[in-house]
Every structure is written in structure tokens, then in C-alpha cells.
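Please treat every number below as a calculation from the coordinates, not as lab data. Note that this is a predicted model, so its numbers are computed, not measured. As a convention, Cβ positions derive from the backbone with ideal geometry for all residues, glycine included, and neighbour counts pool all protein chains shown.
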Amino acid sequence: MIGIAAAFPYIDTHTAGHPTRVILGGVPKLKGDSVLEMRRDFEARFDHLRGTLLHEPHGHAAMVGLIPVPSAVADFGAIFISSYVYLGMCGHGTIGYAKTLALTGAISPATGDSFTLETPAGIVTAWLEWQADGSLGAVSIRNVPAYMGLRDFEVEVEGLGKIRTDILYSGMWYAMVPSAPLGLTLDAENVSANLALGWKIKQAIAAATDGLPEMRGLPAPSVLFHDDLGRGHARQMLILAPNKFDRSPCGTGTCARMAQLLIRGALEETETYRAENILGVPFTATLADKTDEQGVTGYSVIVRGGAYVTAQGTLFLERGDPLSGGFLGR
């Protein structure tokens, strides 16, 4: 006889290689009138569940979790959780959630070709490409507006000297760093070296931007390495932690990168941006429109990609398990 203390049904997908684990049950009802308020309630009362749901032995450092919640202003609501921070918006996770909704029958060709999703960062729209057999193909996400936060920001990095970066917001903060001048190769064989250097840069940027009003109290910028392959085409690798990088090109990071290219005049508003991950799997991005975001120009970018189902099951917590809260090796 096994004593089960808790159970969490889930569906796993990957979007261009990066995982999304949608938790379908087991999380207590959250308080709040908005998704942001419910996210804050989860953080205050149930933060311990992040390790249980995402980390070893149930998962790993790169796992991203999505907790569906009700929304009064959109078709669906979602909280994004990760190993180290709470996400305001997650592009690959939203694409993965669309795939999960299709698998469960919550969306189908009969329900239409779009839905809205309330996230902590705001409401986004997903457009769905249904295949002839009724399965879901690519998904396009109109993200919250991206804008320049700090232009030509200089920071001293130990061992590198001074580097200059543009830091943009697109649901989270991203620091744009070209990889070629640093001698980095963005491929699967060089992940460890890229992580080590990227984490050093991220720590320096975090220290230099801590408390700046432009950051609005949000998590420190992650480092988006980019290797430009031609006009409107680049390879990207996002550094999140010393043991974590985004396997996808990063959906919200791609929106931020396209906004930077538009601001810098390296891309026309009618052009498409193609961002591929270290495995060569692409996202594409196009500009929807421009808005005013607290006195600066915001760029509403549509990013397109596909997700694939990898697993469905139930996470069990057995009474007496000394590692039920999860663990990470860093």
C-alpha cells in the first residue's frame, strides 16, 4: 500500500525544444481578481510547489510550468512558473499551452481560429492554424508591446571589460548581446561555454540595473546572444541561469530583438524576422502595430512557432519522500 500525499495531473509539450508543463489539477484555488493577483497569491502561499512541480526528481532546471487560472477579461488565464523567477509572459509556453488545449479538446476547429489569454504581463492573442485532419499546426502569438528600456547601456564584466547592450522589455527584460565579437558559437556543442560567459554577463547587468526605475521592479534582464546570419535572420540563445538556457529561440525575446532591429533601423516594419535556436528550429516574427508605452514607442510583435506533445501523466508525492520538494544541481 502506497500513501499518496498529493497528485498533479499534467501534460508536457516542447516548443522548438523548450518544455512547457501544464498543470491540470492539484494546485489549490488562488485568490485574486486578475491573473497578476493570482500569481502573487501563488508566490505568497504556494511557492514551495515550484520545486515539486518542476525540479528533479519530477523534472529539471529548464522545465517551465504553466498553471491555468480563470480570467474575467480573456478566454483563458495562465501563470508561468520557472526554476528561479516568475514570468510575466512566456511565448514558447503560450504556444505549448495552445497545443495542450487542443489535446484536451478545450479548443478545436469548431471553437474558432483564435483565443485570448490573460497573463501577468497583459492580454495576448493566439491565432491557430488547424490542419486538414483537425490537428493543431503552428500558433501565432501577438505579444504585449516591446519597447526599449535602456539604450547603449554599458557595463563592466569581469574578464571581458566593458560591453554595451540594448535592454528591452517584451513581457520580461532582455539584454541584447552579439555573440561573434565574444568568440561564441551558438550551437549545441558549445552550450556550457556560452552558459558560463552569459551568466557572468547577466550577473554584471543585474548588479548595474538593480533599483533603476526603468526596470520597474521586475527580474533582472536575461542575456540574449544573437548571431546575425543576414538581414532579418539570426541564431539566438537566451541565457537564464548558470544551468539554464532557453532551448527555443525565446518567443518574448524574439519580440524584443525585432523591436530593437526596428528601432535601430536594421529592419523595415513590413519585413519578417526569422530567429532560429541552436538546433536550427525557427520562430518568425512580424510587426502588428505600434503603441505608446509610458512615453516610449511600443512594438506589438506577432511571433509564430509550433509545439509538440511529449508526455501526459500524473506527478505523485508519496508520504515520507525526503525529496518531495524537489532539488536542483547548480
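Measuring nothing but how far apart in sequence close Cα pairs (under 8 Å, 6+ apart) lie, relative to its length, the chain scores a relative contact order of 22 percent.
Listed values for the range 111-125 are Karplus-derived 3J(HN,Hα) couplings in whole Hz (6.51 cos²θ - 1.76 cosθ + 1.60, θ = phi - 60°), namely 7, x, 10, 7, 8, 10, 9, 8, 10, x, 8, x, 8, 10, 10, and x replaces Gly and Pro. Taking 17 Å as the cut-off, the amide N atoms of the range 177-211 that come nearer than this to a point 7 Å along the Cα-to-beta-carbon line of residue 158 belong to 195-209. What does the C-alpha gyration tensor say about the overall shape of the range 147-305? Classify as rounded when a/c is under 1.5, otherwise prolate if a/b is larger than b/c, or oblate. Verdict is oblate for the range 147-305. Reported to the nearest whole Å, the Cα centre-to-centre distance from the range 198-255 to the range 89-161 is 17. The packing ranking, built from the mean of other Cβ atoms within 10 Å per residue, places the peptides 312-321, 31-40 in the order 31-40, 312-321, highest first.
Let me check I've understood the local charge: for residue 234, count other residues with C-beta under 15 angstrom from its C-beta, Lys and Arg +1, Asp and Glu -1. What total comes out?
-2
In the chain, Rg over Rh equals 0.96, where Rg is the alpha-carbon radius of gyration and Rh the Kirkwood radius from pairwise Cα distances. Potential lengthening of the chain between residue 233 and residue 309 amounts to 24.6 nm, from the contour at 0.36 nm per residue minus the alpha-carbon distance. For the chain, the mean residue ellipticity at 222 nm estimated from helices alone is -6000 deg cm²/dmol, where every DSSP H run of n ≥ 4 contributes -39500 (n - 2.57) and the total is divided by all residues, rounded to the nearest 500. Overall, the chain carries a charge dipole of about 420 debye about its Cα centre when +1 sits on the Cβ of Lys and Arg and -1 on the Cβ of Asp and Glu, all other atoms neutral. Exceedance of the 31 Å cut-off in Cα-Cα distance is limited, within the set 31/99; 99/290; 31/200; 99/244, to 31/200.
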